[in-house]
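See structure below.
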Amino acid sequence: MTFTRRALFGAASLLGLSACGIPAAYVPEERRAAADRSERDKALTFSNWTQYIDTDDKGGRPTLDAFAQDAGIEVAYTEDINDNDEFFGKLSPVLAQGGDPGRDLMVVSDWMAGRYVALGWVQEFDAANMPNVAKHLDPQLASPAFDPGRRHSVPWQSGITGIAYNRKALGRELRSTADLWAPDLKGRVTLFAGMDEALGLLMLAQGADISKFTADDAHRAMAQVQQLVDTRHIRRFTGNDYTSDLASGAAVACQAYSGDAIQLKAENPDIEFVVPEEGGELWAESLLVPNRAAHKQNAELLIDYYYRPEVAAELAAAVQYICPVPAARDVLANSADAETAALAEEALMFPTDEMRARLHSMRDVTAAERPDFHRIWGKVAGV
């Protein structure tokens, strides 16, 4: 599975920030809920990214189909999210005006989820409907800075931003983000074009604590990249097309996502993924219930269903990102299928303690910071 964690370019104009830095389109708690039709209307609409769920040869979605049958809830599953920014632009006029979003559940990148939470455009969950989430959610993902306690968001899948490289072509190992700047890699390195995707790893390389980074930390990282651009060290800035550069040999090393690395290595065993010694960025794509959703309780039941270890294991085996349910590892390990059982030992799906110690979650870029950061990054990356 491949998908794009896009940056929110032009977000300041969409959010309509006021002079005091508070979004003008903020919706207070008392105006977020609609009358929930879940009890009488056994249905829900679920928006997700493409290729982000298990499928079978007949075009079915086994875990989702099983939920529909067991719970008696019909799920209209749509793969209508191609880009965080684009999807935000689609929903923002409706949510800002308190309208019906036409969906009960959606999956967006955590940095974008922070936008929805800050704007008051998503509803708080009823924890009583989600006991499996409380029991099985990975503690390392349980309380991001943008949503303490995960009151409005629950991880669908997770991943790591680190470094991928072709070990055979390079002839040595890479251990640090700073290794990307070696003279013999000039013109053979790619970085992510999205600021929210690129910046965390770059700040970690300079020793910043990305859970509470300062504007100076961000400016320092961007200034370093500008120097690398000026010397033509960076081949180009990419979206998910970095995988084609690495596969073709046009790039030898790059910023990369852990889930993509599993697939790349399956096709080319010379491709390696490393969590840098100074740290990699841990992120998630999370489930949210937008304001005025008509089937909130049904959506919560679906979320909780995917936190059953046996269901989480089936989904993880299909998409091969970090599973937010650590207990799914034992389910996979006990599989009668040897190939499936081997996934339990895949550190990029179930990180080891040593790897976890090097994973850090980046705090959200605030509304006040974002215009300045985007202005600078836009010049650096040419986006």
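Extension gain, residue 51 to residue 169: 0.36 nm times the residue separation minus the Cα-Cα distance gives 39.4 nm. Computed from point charges on the beta carbon alone (+1 for Lys and Arg, -1 for Asp and Glu), the dipole magnitude for the chain about its Cα centre is near 1100 Debye. The separation of segment 212-265 from segment 117-167, counted between C-alpha centres, amounts to 25 Å. Average accessible surface for the chain: 40 Å² per residue, computed with a 1.4 Å probe over protein heavy atoms with every protein chain in place. Between 229, 307, 280, the Cα set farthest toward the positive side of the dipole of segment 216-318 (charges on each charged residue's Cβ, about the Cα centre) is that of 229. Ranking 98, 203, 351 by how far each Cα lies toward the positive end of the dipole of the chain (charges on Cβ) leaves 203 at the top.
A Cβ-based charge dipole, computed about the Cα centre of segment 92-233 with Lys and Arg at +1 and Asp and Glu at -1, lands at about 560 debye. In whole angstrom, how far apart do the alpha carbon centroids of segment 35-108 and segment 329-383 sit? Comparing the Cα centres of segment 35-108 and segment 329-383, I get a distance of 23 Å.
Using only alpha carbon pairs under 8 Å that are at least six residues apart, calculate the relative contact order of segment 215-362 and give it in whole percent.
Details: 107 pairs, mean separation 33.6, N = 148.
23 percent.
Short-range pairs are left out: with C-alpha atoms under 8 Å and at least six residues apart, the relative contact order of the chain is 27 percent. Judged by the gyration tensor of its Cα atoms, with axes a ≥ b ≥ c, the chain is oblate; a/c meets the 1.5 cut and b/c is at least as large as a/b. Using a Gaussian network model of the chain in which every pair of alpha carbons under 10 angstrom is joined by a spring, one finds that among 236, 172, 292 the greatest mean-square fluctuation is at 172. Only Lys, Arg, Asp and Glu carry charge here, each on its Cβ (+1 for the first two, -1 for the last two); on that basis segment 161-220 has a dipole of about 380 debye about its Cα centre. Restricted to Cα atoms, segment 344-383 shows a radius of gyration and a Dmax of 16.6, 43 angstrom.
The values are calculated or read from the model by the stated rules, or taken from the named source; none is laboratory data. Every value quoted in this text rests on a predicted model; they were computed, and no experiment measured them. Cβ atoms come from the backbone with ideal geometry, glycine included; neighbour counts cover every protein chain shown. Protein only, heavy atoms only, side chains kept; ligands, DNA and RNA dropped before computing areas. Shrake-Rupley method; radii C 1.70, N 1.55, O 1.52, S 1.80 Å.
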